[in-house]
1. Considering only residues that are surrounded by 10 or more Cβ atoms within 10 Å (Cβ to Cβ) and among the basic types (Lys, Arg), look in the range 1-60 and name the one that is nearest to the chain's Cα centre (by Cα).
2. Modelled with pLDDT under 80 and in a loop (DSSP other than H, G, I, E, B): which single residue out of Ile8, Ile72 fits that description?
3. Starting from residues that are of a type in the set (Ser, Thr, Tyr) and in a loop (DSSP other than H, G, I, E, B), keep the ones in the range 11-59 and report whichever is modelled with the lowest pLDDT.
Amino acid sequence: MIIQQNPIIVHVIQPPTESTTVADVLIGAFGLTGLLVLVALLLGLTFGGILIGIKVMRRKMNIEPSPDSDIIHIF
């Protein structure tokens, strides 16, 4: 049997990393803010539409609201 006397040394070289600039951070922040605003608008419109739809359906079906609630006329 032959035993190798000198060890084999392997140097792993890491790939260079890109530096993050202020412009990259600002673009990411504005993108995230825009996404959150868009989601908030869509959810607001959806829930508002549901509430208006319920009100219209109650009016069409002549269902009176509970006596302790106030009526707010939308249209």
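The values are calculated or read from the model by the stated rules, or taken from the named source; none is laboratory data. This is a predicted model, so every value here is computed, not measured. No Cβ is skipped: glycine too gets one built from the backbone with ideal geometry, and neighbour counts run over all protein chains shown.
1. Per the stated criteria, the residue is Lys55.
2. Numbers: Ile8 fails: modelled with pLDDT under 80.
Going through Ile8, Ile72 in turn, the sole match is Ile72.
3. Quick first cut of the range 11-59, residues of a type in the set (Ser, Thr, Tyr) only: 17, 19-21, 33, 46.
After this cut, where a residue has to be in a loop (DSSP other than H, G, I, E, B) as well, the list is 17, 19-21.
On the way: Thr17: 85, Ser19: 88, Thr20: 88, Thr21: 92.
Only one residue fits best here, namely Thr17.
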